[in-house]
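What follows is one structure encoded as structure tokens, with my remarks underneath.
The values are calculated or read from the model by the stated rules, or taken from the named source; none is laboratory data. Source: prediction; values computed, not measured. Glycine also receives a Cβ, built like all others from the backbone with ideal geometry; neighbour counts cover every protein chain displayed.
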Amino acid sequence: MAKKTRIISEFLRTDPKIRELLSKNRTQQQLLDKVRSLLPPPLDLHCLGLVHEEQRLLIYTDSSAWASRLRFFSKDLNTQLRQLGIGVEKITIRVMLGNNPKKTRRHTPRKLSRNNADLVRETAEAISDPDLSAALKRLSRHGGTDRS
């Protein structure tokens, strides 16, 4: 029995679950646009998405710094949303991980210069505390010479 292939657009229009998901996504996107319009720049650009279920609004940002700033605006935002007829009892802010990973530089360990290593070693020899002296001597070995 051969299966009939269907065009994807036909499938998206006719499948009730997919239609429901697309409708919900469209509604959430419209609400996200509304929330962004209520926030001051540049905070509006850092709202990546939201989920509105029952009386709870969950807003996603791209970093913890922007999440903190958004938390300061959440009370005013809640008031503005209620004035627009959007019922929200609680606004929660979360950071979206992995959405747009930033390129990070590879950490290159720093080394002490020879002069600084000598100064650290001399300081270690002048200190009476044996634990601190030993720690400073180990640190001085990261410099250009190892004389301890």
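Miscellaneous remarks
- Near pairs, Cβ below 7 angstrom, 6+ apart or cross-chain, from segment 28-52 (at pLDDT below 95 and aliphatic (A, V, I, L, M)) to any residue that is exposed (fewer than 14 other Cβ atoms within 10 Å of the Cβ) and not in a helix (DSSP H, G or I): Leu48/Asn99
To keep it simple, each residue is scored yes or no on (1) within 14 Å of Ile91 (Cβ to Cβ); (2) acidic (Asp, Glu); (3) not in a helix (DSSP H, G or I).
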residue	(1), (2), (3)
Lys24	no, no, no
Gln28	no, no, no
Ser37	no, no, no
Leu48	no, no, yes
His52	yes, no, yes
Tyr60	yes, no, yes
Ala65	no, no, no
Leu70	yes, no, no
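- Search result, residues across segment 53-74 that are among the charged types (D, E, K, R) and free of Cβ contacts under 8 Å to residues at least 12 places away in the same chain: Glu53, Glu54
- Any hit, segment 3-18, residues being within 24 Å of Ser68 (Cβ to Cβ) and not basic (Lys, Arg): no
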